[in-house]
Amino acid sequence: MPKPKHNGPAGAVQLFKDARIRIEPMRKLSAEALDAFHSIIACREAASWSPYDIAQATSLAEMIVQRDQLQNHVMANGAVTENRFGEPVVSAQAQALDRLSRTVLAVSRSIGVTARREDAQTRARAQRENAVRARHDRDDDADSLLA
């Protein structure tokens, strides 16, 4: 079956419908994780998110916040410590940061939110959706002010 074209009136209508889709996380998130979740969701067009992908994006947002907190801890306390023999070794927090960073990268690749050269059309469509969504939000705000 040929891929539908998104230019023309039918494409504009579909883009308008897709922009109205609101994707929410699978569980309650902190404010920082919710910001990360919305940034993750904005990377792909709204209609392409499956329930599994949304669950993965929710977990990814939490991991990103944990990684940032751990990175701040490592930056404050240093990445190297001394063992009982007085030799410098990599701290346990730095090793955990490395593992968590690799996990974040793997999960983001598995749900397709990393930038790829061949996905330029998908990124462009997601940017158009975000612009339409922002326009809807401004219109809704203006409507609420008039009411």
Return the Rg/Rh value of region 49-110, two decimal places, where both radii are evaluated on C-alpha atoms and Rh is the Kirkwood radius.
-> 1.16
Got the relative contact order for region 49-110 handy, in percent, Cα pairs under 8 Å and 6 or more residues apart?
-> 36
Taking the Cβ of each residue in I41, I111 as the centre, tally the other Cβ atoms inside 10 Å and list the residues starting with the fewest.
-> I111, I41
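For region 30-68, state which chymotrypsin sites (Phe, Trp or Tyr not before Pro) are in a DSSP loop and have at most 11 other beta carbons lying within 10 Å of their beta carbon.
Numbers: sites: F37, W49, Y52; in loops: W49.
Filter output for region 30-68: empty list.
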Provide the net charge surrounding L97, with neighbours chosen by a C-beta distance below 14 Å and charges set as Lys +1, Arg +1, Asp -1, Glu -1.
-> +1
Could you line up T58, T114, T81 from fewest to most neighbouring Cβ atoms inside 10 Å?
-> T114, T81, T58
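Since every read-out is calculated from the coordinates, none of them should be taken as a lab result. Just so it is clear, the model here is predicted, and its values are computed rather than measured. FYI the Cβ positions are ideal-geometry reconstructions off the backbone, even for glycines, and counts take in every protein chain you see.
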